[in-house]
Structures are given as structure tokens and as C-alpha cells.
1. Multiplying the sequence separation of residue 58 and residue 93 by 0.36 nm and subtracting their Cα-Cα distance, what value in nm do you get?
2. If the reach is capped at under 22 angstrom between alpha carbons, list the lysines near residue 151, excluding any in the same chain fewer than eight residues apart.
3. Could you give the length gained on full extension between residue 132 and residue 65, defined as 0.36 nm per residue of separation minus the Cα-Cα distance, in nm?
4. If each residue of separation counts as 0.36 nm, what is the full-extension length gain between residue 32 and residue 74 once their alpha-carbon separation is subtracted?
5. Simple spin-label model, 7 Å along Cα-to-Cβ: residue 42 to residue 121 in nm?
6. For residue 118, what charge total do you get from the other residues with a beta carbon under 12 Å from its beta carbon, if Lys and Arg give +1 and Asp and Glu give -1?
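None of the figures in this text is laboratory data; all of them are computed from the coordinates on show. Here the structure is a predicted model, which means the values were calculated and not measured. Neighbour counts are summed over all protein chains in view; Cβ atoms, including those assigned to glycine, are modelled from backbone coordinates with ideal geometry.
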Amino acid sequence: MTSLNRKFSLVSGRVNRQGGDLIGERAASHWLYIVPWGLRKVLNYIAQKYKNPPIYVTENGMDDEENETAIINEFLSDEKRVEYFKGYLGAVAQAIRDGVDIRGYFAWSLLDNFEWAEGYTKRFGLVYVDFKDGLKRYPKSSALWFSHFLKGKSVHDFGKN
């Protein structure tokens, strides 16, 4: 067991809170946990520690495990990623309301890509890339949700043009 600080510990690759509860749900990568409140906390910390500099969140996203036997439609329905972005963008919005000077937020990643440590075994993209069929691209549910979000449409408008 490695102590990260007084409130968290690392046990067998899992980050636990004091008392043993997981800090958040794990994504496909062993190092990636879904903890939106942590982003708000670190944004507020940076603002307080460094006199509220302009902040750009340049890479924020989660991955799915590659599954060579899955059909494409299974990858296109990525509701977990939709909930991920709802949570993290909500945390960014809360930090802005707290007074943090956030100037930009960039989702990682637009397309499934080659990850430097994992190759093609993890999929971070809002758009599915078919690496076996000429790199054809298909928008996932998260791409459609993000498009609606950026246009200011509500959840009830989802699927309308």
C-alpha cells in the first residue's frame, strides 16, 4: 500500500479513500478514474495558490477497452462517456461559479487514436475509427451529445436538428 496523502491510498492499482471506498469508477486504463469533483478541487486549488491565472483544460476524457469481437454499434453507444463529460463539464461550471478564471475546455479526444503507452487497445475518441476498414469514422453517442451541448440545446432537444 502506498499512501498518497492522509485521505487516499493506492492498493493494487486502485485509488481508495480513507476507509477503503474507491475514489471513483475506473475507466479502461488502470490509471484513469472518473472523479469530476477532483477537477473542481484542483481548479480551485490552482486559482487560490497562483492568484487565479487563466486556465485552459487541454485534455480531459476517458477511454473504453478495445474489443476485437464487438460490433461497431456497441462502441457507438458510449453512454458512460456522455455521463463522464456531463460530470466534468458540470465541475468546470461549478469552478467558474467559484470564481476560477477558466478560459477553455478541450475534450480528449475527437478521434480514437494511437495511445503512446497502450497502442490501439484503448479508445478515447468521441468518434469511432474503424482501424480495419480504411479508417472509416462513425460519431459515437458522446459526439452527438457534445454537439448538442455546444449548440446550447437541452437534453430534451437531443435528436432534433
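1. Numbers: separation 35, 0.36 × 35 = 12.60 nm, distance 1.56 nm.
Contour length minus Cα-Cα distance gives 11.0 nm.
2. Cα-Cα hits under 22 Å: 80, 86, 140, 160.
3. Fully extending the segment from residue 132 to residue 65 adds 22.5 nm.
4. Values: separation 42, 0.36 × 42 = 15.12 nm, distance 2.14 nm.
Stretched out fully, the residue 32 to residue 74 stretch lengthens by 13.0 nm.
5. 2.3 nm
6. -4
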